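What follows is a set of notes on a single structure, which appears directly below.
Quick note: the coordinates plus some simple rules give every number you see, no bench work behind them. Not measured: the values here are computed from a predicted model. Reconstructed Cβ throughout: ideal geometry from the backbone, glycine too, with neighbour counts over all protein chains shown.
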Amino acid sequence: MNLLSIVLLAFAMSTDAFAAAVAKGAALHRPHWREALRTGLIFGTIEALTPLVGWAIGLAAAKYVAAWSHWIAFALLVVLGVRMIAAGLGAPDEPEARPGRHGFWILAGTGLATSIDALAVGVGLALLDVDIVPIAAAIGLATFGMVTIGVMVGRALGTLIGKRAEIAGGLVLIGIGCAIVYERLGSAAG
């Protein structure tokens, strides 16, 4: 994967976390930077670890599916992209009560739920034989930044912008899946 693909993938993986952070920020009563940074750190850490776990799972299966790896990665990314687009087109989430701060386990659970796609991407990346560490780090850093910002703008923007971000992230995932197939078919033809 080239640098542009890694950056796009990192931000695509962080869009669902951003959407959740906007909702979390909207649910808070005057969120402070400290709370936004805490939330970003929790989400970013989880989002960086899940592709590593998925990559390890994918490595175990790589020798069995090497000839089909680009199609598997394409299918995973398209399915995840379509899922994100569908979620983005859905109705806005119900507003929560307005606490001053979210509990650690609530944030960790939300972070884990939004990182399942990163786990699946890790599986697909193992099939492509890429170095997962910089990709996982990029996903974690992008998520940290996006979630921190999402919490701070959540009250002002509400969940509408989060839904649009999810749609954009889904389109990026589908685009990356198409690029993987194009690169593989192009290198096989040449």
Ranked Ser5, Ser14, criterion: other C-beta atoms within 10 Å, fewest first: Ser5, Ser14
Residues Thr114, Thr143, sorted so that the one with the fewest Cβ neighbours within 10 Å comes first: Thr114, Thr143
Full-extension gain in nm, Ala156 to Ile106, via 0.36 nm per residue minus C-alpha separation: 15.8 nm
Residues Glu47, Glu35, Glu183 arranged by fewest to most Cβ contacts within 10 Å: Glu183, Glu35, Glu47
Full-extension gain in nm, Val79 to Trp33, via 0.36 nm per residue minus C-alpha separation: 13.1 nm
The range 106-120 - phi-based ³J(HN,Hα) in whole Hz, Karplus 6.51/-1.76/1.60, Gly and Pro as x: 5, 5, 5, x, 5, x, 5, 4, 7, 9, 4, 5, 5, 4, 5
Modelled label reach - Thr45, point 7 Å along Cα→Cβ, the range 114-147 residues with backbone N closer than 20 Å: 114-119, 133-147
